[in-house]
Amino acid sequence: MPSPVPPATTRAALHLTRRLAAWAIGLVLLAGTATALGVALYPTVTGGQALAVLSGSMTPGLPVGGMVFTREVDPAAVEVGDVITFQHPSEPTALVTHRVIAVDTSTGAPVFTTKGDANDDPDRRPVPASAVQGELAIDVPEIGRLVALLHSPKGVGVLVVLVCGLLAVAPGKRPEDDGPAAPAPREDVDADSARTVVMAPVPDEPMTLLVGAARPSVPVPPRPVRLLH
């Protein structure tokens, strides 16, 4: 026995629910994709770097899990109070972002004393100009966690699940599109151009039935006939 067709109101509510779910999943996918793409393209477009904040030495200004976007800077233009990114003195592959609290130009090239905003003491080693990688341009809180997730196997799995969910809840066409087709509009018929004429039989000729005969554009002499009543 075929299952009963749900009423139109139920179908409309289900269609709206699926549409809202599809929009929500689509927005999450769009935000994640745009974030990952923006972080990847930032160094190419600006020449700076996009760095995740891994420690709390610059809290509350740069909280853990945030993202630091740097720009290129001339070390000679760096002043006290600027936040710079530089190579760690003992680990050249590691980068540190701290605030400049003093500048020494006695040797010609500037040498910077730096300190984390949350630290009590300044950094033990001064930062030479050659170690400066850039200065802080903008920072975005929490985005570092999202980027780290997107670049992990777990993040790829989440994206796959979201894409499958979007395909599953896609609402398709609206319920009213399933209804019967509306009848075609009836065209008005010109009584002079479309009519049915029954002609009386003429000796040695069969009776002729004309249906929908169009009025000729050139006048034709009438044929003598007798109309049937």
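The values are calculated or read from the model by the stated rules, or taken from the named source; none is laboratory data. For clarity, every value in this text was computed on a predicted model and none was experimentally measured. Cβ placement follows ideal geometry from the backbone for every residue including glycine, while neighbour counts extend to all protein chains displayed.
Considering only residues of segment 165-185 that are of a type in the set (G, A, S) and assigned to a loop (DSSP other than H, G, I, E, B), which is modelled with the highest pLDDT?
Once the filter is applied, the top-ranked residue is A170.
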Return the total of residues in segment 87-132 being surrounded by 13 or more Cβ atoms within 10 Å (Cβ to Cβ) and either without any contact (Cβ under 8 Å) to a residue 12 or more places away in the chain or under 10 Å from P75 (Cβ atoms) (or both). 10
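If only one of V147, V100, V169 is outside the structural domain of V28 (by TED's automatic domain parsing) and in contact with a helix residue (DSSP H, G or I) (Cβ under 8 Å, 6 or more places away or on another chain), which one is it?
None of the others qualify; the one that does is V147.
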The listed residue being among the hydrophobic types (A, V, I, L, M, F, W, C), closer than 30 Å to A168 by Cα and in contact (Cβ under 8 Å) with a residue 60 or more places away in the chain, out of A24, A31, A36, A52: A36
Residue that is among the aliphatic types (A, V, I, L, M), buried (at least 17 other Cβ atoms within 10 Å of the Cβ) and under 14 Å from V147 (Cβ atoms), where the choices are L37, L51, L62, L41: L51
Show me the strands (runs of 3 or more DSSP E) found entirely inside segment 75-164 where at least 3 residues are aliphatic (A, V, I, L, M). 95-104, 132-140
Taking the criterion of being modelled with pLDDT of 85 or more and in a loop (DSSP other than H, G, I, E, B), would at least one residue in segment 24-36 satisfy it? no
